[in-house]
Number of protein chains: 2
Amino acid sequence: MSAAKTAITPTRQQDFPEWYQQVIKAADLAENSETRGCMVIKPWGYGIWELIQQQLDRRFKATGHQNAYFPLLIPLSYLEKEAEHAEGFATECAVVTHHRLEAVKDEETGKTKMIPTGELAEPYVIRPTSETIIGAAFARWVQSYRDLPLLINQWANVMRWEMRPRLFLRTAEFLWQEGHTAHETKDEAIAETRMIHRLYEEFLRDHLAIPIVPGEKTENERFPGADMTLTVEAMVQDCKAIQAGTSHYLGQNFSKAQNISFAGRDGAQSFAETTSWGVSTRLIGTLIMAHSDDDGLVLPPRVATQQVIIIPVTPKEDTKEAVLAACHALADTLCGTKSYHGDPIRAHVDSRDLQGGQKKWEWVKKGAPIRIEIGPRDIESRKVCLQRRDQQPTEKAFMDKEEFIQSVPDILQQIHDNLLSRALEFRNANIFACNDMGEFDKHWEKENPGWLATPWSGTAAEEDVLSKQHKITIRCLPIEDAGLPEELLAAVGQDCILTGKARNSVALWGRSY
Amino acid sequence: MSAAKTAITPTRQQDFPEWYQQVIKAADLAENSETRGCMVIKPWGYGIWELIQQQLDRRFKATGHQNAYFPLLIPLSYLEKEAEHAEGFATECAVVTHHRLEAVKDEETGKTKMIPTGELAEPYVIRPTSETIIGAAFARWVQSYRDLPLLINQWANVMRWEMRPRLFLRTAEFLWQEGHTAHETKDEAIAETRMIHRLYEEFLRDHLAIPIVPGEKTENERFPGADMTLTVEAMVQDCKAIQAGTSHYLGQNFSKAQNISFAGRDGAQSFAETTSWGVSTRLIGTLIMAHSDDDGLVLPPRVATQQVIIIPVTPKEDTKEAVLAACHALADTLCGTKSYHGDPIRAHVDSRDLQGGQKKWEWVKKGAPIRIEIGPRDIESRKVCLQRRDQQPTEKAFMDKEEFIQSVPDILQQIHDNLLSRALEFRNANIFACNDMGEFDKHWEKENPGWLATPWSGTAAEEDVLSKQHKITIRCLPIEDAGLPEELLAAVGQDCILTGKARNSVALWGRSY
């Protein structure tokens, strides 16, 4: 079978990691910078982040959260207070030690060099996450049970010195939101942790068209300092897992370390129960790996910077003006009168002085959900030529223009539904039940082995041995209603695959980014 | 005359700087943190920033700019390339020198301490501004004149190690937007610089109700590395100036240092002409000092997190439910059906279990533009009791509820107009023409001396002498149509106040934050 020519080289099958880099490059989403491990997010990529931000932010506000902003720099002494937390982040902290530069002349070259000066008495780390600095504020703000719950979110940049950076998925600096809440009781804090977990699941499904498995992390994989970490795990097209978001129940670990205490209803002093939760620009990496194809990026419609690209086809000078006018009129109608999930349709006329084919392929690679071509004949016939990014780039449909205008929201929803069902089918086809250690060990020799669901009651140490042996982890212990196929769950036995003891839970194993 | 009791102590007249701190505290806008010079922006303050962001962002996009994101950390070698720029920021740079922490046991105390380790071969500075790192990206992106203009904006945090921090006005870390553009010709770059200057002027006037003087900075006050810096200068209630935003024409200074060059229409290689421009969380400090009074914050309606506060008056249990229902119905009607400058009205019912008086004063101090009280009798009479923040807190008006609903946008606009005209009147009353050096020297001995407009053609050195002598600066050389009173301009002579030579321009002198 001879391979069809694709816009991206290599294809997913030839070299998935390199395909990923090339998709990002071809769609002009981001690039590496000279700052080690840090990326530049270019406009087409940043537009996706802006939409993710707006849409998530609405959900956070609708559930009672308020935004605030806390310092970038954390005094070292704050980190020292919660030992497990400090240890978890110690190997990847950028440390600020000086607050001035001095210009000195290099004797050899004669050039001016800047050297750090003004050493700080206490160094700071650039926040890798903000539990400690936000906790210090919470300790000031919380005095009485009347001050609770405290429901705060921050949109910010954070920094973790990554040794093997990968655009969007693992960068030294990334953008994220981090929710931090304090509650009167354990039940309320756990309810918050679970509510956000569900919110992330819905956001990934309904906005990014990514079906995730919601579950709990084992002790080995928990956030440093948490009593419980809930995760949403996505499977991408090489069958690896991506932890797309986490929600942590922190118990009183941080409130004790930082003295977030309050006078309760009975007058007695108690420590607050806290949570934290976040998603990041990693979501962009996840959606690229989940949906894109060998022709480039495929954007879920709700987070597409432009949803409808209108390309004027102007073979002759004398009809050019009329065609351009028709294109702009269509864009204005769509943007001004039609909406999708409450937001105005985003339509753009590509009137650049370039060849039609060049434009088309650019938008294919950039993943715009709908492309429309309008030429002189289409004006007369009141038709548009429609191409959908979730279908083959060569597939074209002619549609009555009025009908198209009316049905744009439906078409976008069809594209969304198509991406979601494709991804769900793929995922379900690549999770396998396994009850036998021999099979288990052999499974990981395969290429793109997918995930295994096993009965599990092993210890953290036993889990660790298997993880190291096969370069896998327990991605999560799926929650009760995780949405996994019933046949799969029915095929998982009752006795732990390793120990033979009655299982505590089903464990989902896999490789991950 | 005995002073009326005010909600803020001290009053503006008693101690303006301390009044400012107390307004921020009483309105719960922000607080100092344990990170030196860095603030925590609390929800009521961050809400203002979110509105500023949204509204400015729309204007940037409407003028063809796109958002992107660039690394937080700048390699030292980048700074070294543009000497003037590096020198300008050298004394206030936070420097990252290590990328790990190591836990060591303190022999004496037995406690674990974290110390920096993993020294970097090349240190980084936390961006004090991003010309150099964005310039490096522009050098990659710009190849041909077809890639120009490049119109980019970034919303980000920046850091300048301030020795005398003041909440919002001067903090080590602050939030801002920085626009960076590259153009084919000098004319285009200057047109961009001026267009943004005008955009800032309009934004301050139409969104923050602050009348500014638009003008050019003298060489002494220019941005390090710029050929021209345009500024919008606000006068606040102690008659000091605040530089509220700047727009810089950078010529080819940065493009030469960073090799942002392109093949022109004639095929020859040229350096791009670049600009940069920004406003920051300083705008919040400016609006506090411009509008607030001795009872606390006064918010311009467009950036008020809540525009209408509805306070249920529930003297008796048996009518409480009906009153609360009426309040929520009113809020829903306002939020759902009425808008102000295209955004839905933001209305909030304060249903907390607190005394009415306590609630009222809280919202006075928080600066909510409109307060509404609804009690049992008002339901029957279909009236609301209206109080405006720009009037005395004791002033009440009863209004037919339907009429109120219809006129909310108008009332908000009246409040805006009132704040703007007050501020304009105050400013114009505190700028004085001065053509005589004796008068000039004496003027600065006054308390809250306001600004002086003088004829000027002195040198940078001469300006510097006067600046140091009186702790003043030339705030700007106002542009042609700066909106200053004609009588004022007519009173400024034609010969330089210092040298007696024909003036080059009018100079506006003042103290500043």
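The values are calculated or read from the model by the stated rules, or taken from the named source; none is laboratory data. Computed from a predicted model, the values in this text were never measured in an experiment. Using ideal geometry, Cβ is built from the backbone for each residue, glycine included, and neighbour counts are taken over all protein chains shown. The protein model used for the area step is the full one, side chains on, heavy atoms only, and it has no ligands, DNA or RNA in it. Shrake-Rupley method; radii C 1.70, N 1.55, O 1.52, S 1.80 Å.
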Checked the stretch A:55-80 for anything in contact (Cβ under 8 Å) with a residue 40 or more places away in the chain and either open to solvent by 40 Å² or more (accessible area, probe 1.4 Å) or of a type in the set (Ser, Thr, Tyr) (or both); matches are A:Arg59, A:Thr63, A:Gly64, A:Gln66, A:Tyr69, A:Ser77, A:Tyr78
A careful count of residues in the stretch B:451-462 that are surrounded by fewer than 21 Cβ atoms within 10 Å (Cβ to Cβ) and either of a type in the set (Val, Ile, Thr) or out of contact with any Asp or Glu (no Cβ under 6 Å at 6 or more places or on another chain) (or both) gives 4
B:Glu50 vs (1) under 20 Å from the mean Cα position of the chain (by Cα); (2) crowded, with 19+ Cβ neighbours inside 10 Å: all pass except (2)
Residue hits (the stretch A:182-233; among the aliphatic types (A, V, I, L, M) and in contact with a strand residue (DSSP E or B) (Cβ under 6 Å, 6 or more places away or on another chain)) are A:Ala182, A:Ala189, A:Ile190, A:Ile196, A:Leu204, A:Ile210, A:Ile212, A:Val213, A:Ala226, A:Met228, A:Leu230, A:Val232
If we take the stretch B:214-267, then strands (runs of 3 or more DSSP E) inside it with 3 or more residues that are in contact with a Leu (Cβ under 8 Å, 6 or more places away or on another chain) and within 30 Å of B:Glu80 (Cβ to Cβ) are B:241-251
Those residues of the stretch B:96-129 which are of a type in the set (Lys, Arg) and open to solvent by 10 Å² or more (accessible area, probe 1.4 Å) amount to B:Arg100, B:Lys105, B:Lys111, B:Lys113
Item to complete: Determine, yes or no, whether B:Thr132 is surrounded by 21 or more Cβ atoms within 10 Å (Cβ to Cβ), more than 9 Å from chain A (Cβ to nearest Cβ) and out of contact with any Ser or Thr (no Cβ under 6 Å at 6 or more places or on another chain).
Response: yes
Across the stretch A:471-488, the tally of residues that are of a type outside the set (Val, Ile, Thr) and surrounded by 14 or more Cβ atoms within 10 Å (Cβ to Cβ) stands at 9
Scanning the stretch A:145-188 for residues that are in a helix (DSSP H, G or I) and touching a residue at least 40 places away in the same chain (Cβ under 8 Å), the one farthest from B:Phe70 (Cα to Cα) turns out to be A:Tyr145
Taking the stretch B:447-480 and keeping residues at pLDDT 95 or above and charged (D, E, K, R) leaves B:Glu462, B:Glu463, B:Asp464, B:Lys468, B:Lys471, B:Arg475
Scanning the stretch B:268-289 residue by residue, those out of contact with any Leu (no Cβ under 8 Å at 6 or more places or on another chain) and surrounded by fewer than 24 Cβ atoms within 10 Å (Cβ to Cβ) turn out to be B:Ala268, B:Gln269, B:Ser270, B:Phe271, B:Gly278
_Would you confirm whether or not the stretch B:461-475 contains a residue that is under 19 Å from B:Arg222 (Cα atoms), in contact with a strand residue (DSSP E or B) (Cβ under 6 Å, 6 or more places away or on another chain) and in a loop (DSSP other than H, G, I, E, B)?_
yes
Taking the stretch B:139-165 and the residues there that are within 23 Å of B:Ala62 (Cβ to Cβ) and of a type in the set (A, V, I, L, M), the one that is farthest from the other protein chains (Cβ to nearest Cβ) would be B:Leu148
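Here's the yes/no breakdown for (1) free of Cβ contacts under 8 Å to residues at least 60 places away in the same chain; (2) charged (D, E, K, R):
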| site | (1), (2) |
| --- | --- |
| B:Thr314 | no, no |
| B:Thr333 | no, no |
| B:Lys338 | no, yes |
| B:Ile345 | no, no |
| B:Ser351 | yes, no |
| B:Glu373 | no, yes |
| B:Ser381 | yes, no |
| B:Arg388 | yes, yes |
The number of residues in the stretch B:295-315 that are among the aliphatic types (A, V, I, L, M) and open to solvent by 30 Å² or more (accessible area, probe 1.4 Å) is 1
For A:Ile126, the lone unmet condition from (1) at pLDDT 95 or above; (2) more than 10 Å from chain B (Cβ to nearest Cβ) is (2)
In the stretch B:6-30, residues that are without any contact (Cβ under 8 Å) to a residue 24 or more places away in the chain and of a type in the set (D, E, K, R) total 3
Only one of (1) farther than 20 Å from B:Ile210 by Cα; (2) assigned to a helix (DSSP H, G or I) does not apply to B:Thr286, and that is (1)
When you scan the stretch B:4-12, do you find a residue that is of a type outside the set (A, V, I, L, M), modelled with pLDDT under 95, outside the structural domain of B:Arg140 (by TED's automatic domain parsing) and open to solvent by 20 Å² or more (accessible area, probe 1.4 Å), even just one? yes
